[in-house]
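The values are calculated or read from the model by the stated rules, or taken from the named source; none is laboratory data. Because the structure is predicted, anything quoted here is derived from the model rather than measured. Cβ placement follows ideal geometry from the backbone for every residue including glycine, while neighbour counts extend to all protein chains displayed. Areas reflect the complete protein model, heavy atoms only, side chains present, ligands, DNA and RNA absent. Shrake-Rupley method; radii C 1.70, N 1.55, O 1.52, S 1.80 Å.
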Amino acid sequence: MGVSNHLPCNIEDVVDLLSIPVVRSSGTQLHCRCPFCDDRKAHLNINLSKNVFRCNRCGTGGGVLHLYAEVNNISINTAYEELCRIFQSGEKAPEHPVRKAQTKVKQSKPALELASVEARDNTYSNLLSMLSLGTAHRESLLGRGLSGSEIIRLGYKTTPAVRSAKIVTELLERGCDLKGVPGFYVDEETGQWKLDIRATGIMVPDRNCEGQIEAIQIRLDKDTHSKFNTLTSVDKYYGATASCCPHFAGVTGEEDAVYLTEGVMKADIARYFSTVLGHPCAFVGLTGVSNINQYVRMLEELKRFGINTIKVAFDMDLHVNENVRKARDRVIQVGCENGFEVIPKRWSSNYKGIDDLLLSFIERRRITDSIFGRL
Ligand SMILES: [Zn+2]
């Protein structure tokens, strides 16, 4: 199931190609001098049946592609292309600058470049379609004011607790690309793909202006220093760093203005409440109020929609939180510089977020409905 499955060569071919000195051979294993550290013996173990390698001295290890990529100091994609050219088309191995043996033990693990938006959307959509929403999470979302059908429409799911191997197998069978999709990485020992679930919670798809899922936010069950995480496999072997996008909720291009909030879930909930209250509004949620790159990307996307007005609806703790206040001022300044009308919104500080404010209107309407009856 590793990335080496469709390669036209095995690990022994690559050891040959790279002229790695073989010190001993046991038939199923080669013991070589490691090219990644100043190994003087035979610490590099090549497992011929599993097509994996590992140095017991410096810890470098992986599959066929990783070996070729690491020795030549090239990306895994380039390694794949070159090996196909060499072993399928019989081309000569391209010259790479000789990589010096490292005297220091290598600390950082090889990482993959972020997969394309299409690949991430496809993998994440398939992943979420395989998962369900646990009862406790459903109850807590209903408690926040969402309806059962809205929860289904939003596609929120519970993080998988076990059997991540089964999920990965199914994703690969469905033809999903896991390379460079944050949350997935290669197990160093087995060369198998794995899903990196670091904490349990509700998985919230972060959708771009075209509805594609670029990232998955996790509303954590246990509030540590933050309420949300992003699904990531950063620092894992052949993992990828998460990259969130401006989250568009209910933006169709028909509107003149959007409301700007902090967070994906907040934008979803606020959009739903505005619809229930009979004033459907478009929302964009940023995953960090001070993430100016994400904000600038949003401005460009709004321009394409022909939307020129931004109503800033950040949490009302900006009175007490200096960082939030500074971020809001920056958002207003940059928005104006880019030709937008930027209107800061204020409400009673009894309600922290725009979602809390809108929920209070819904609750009040329920009370008046119960007293006077609905028309
Ligand atoms: Zn080594």
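Restricting attention to segment 112-148 and to residues that are hydrophobic (A, V, I, L, M, F, W, C) and open to solvent by 30 Å² or more (accessible area, probe 1.4 Å), the residue that is farthest from Cys245 (Cα to Cα) turns out to be Ala136.
Is it true that Asn126 is modelled with pLDDT of 95 or more and either more than 13 Å from the ligand (Cβ to nearest atom) or within 30 Å of Ile202 (Cβ to Cβ) (or both)? Yes: the conditions hold for Asn126. Among the residues of segment 185-215 satisfying the criterion of being of a type in the set (A, V, I, L, M) and over 26 Å from Leu65 (Cβ atoms), which is surrounded by the most Cβ atoms within 10 Å (Cβ to Cβ)? Checking each candidate, the answer is Val204.
Which residues, counting only those in segment 170-184, are under 14 Å from Asp196 (Cα atoms) and either open to solvent by less than 70 Å² (accessible area, probe 1.4 Å) or among the acidic types (Asp, Glu) (or both)? Within segment 170-184, Leu178, Gly180, Val181, Pro182, Gly183, Phe184 qualify. In this structure, is Leu141 more than 30 Å from Leu48 (Cα to Cα), over 16 Å from the mean Cα position of the chain (by Cα) and assigned to a loop (DSSP other than H, G, I, E, B)? No: the conditions fail for Leu141. Considering segment 310-349, and only residues there that are of a type in the set (S, T, N, Q) and in contact with a Leu (Cβ under 9 Å, 6 or more places away or on another chain), the residue that is farthest from Ala257 (Cα to Cα) turns out to be Ser348. Residues being of a type in the set (Asp, Glu) and either over 20 Å from Arg144 (Cα atoms) or not in a helix (DSSP H, G or I) (or both) are represented in segment 328-338 by at least one member. When segment 30-75 is filtered for residues that are of a type in the set (D, E, K, R) and either within 11 Å of the ligand (Cβ to nearest atom) or on the phi > 0 side of the Ramachandran plot (or both), the ones remaining, listed by number, are Arg33, Asp38, Asp39, Arg40, Lys41, Arg54, Arg57, Glu70.
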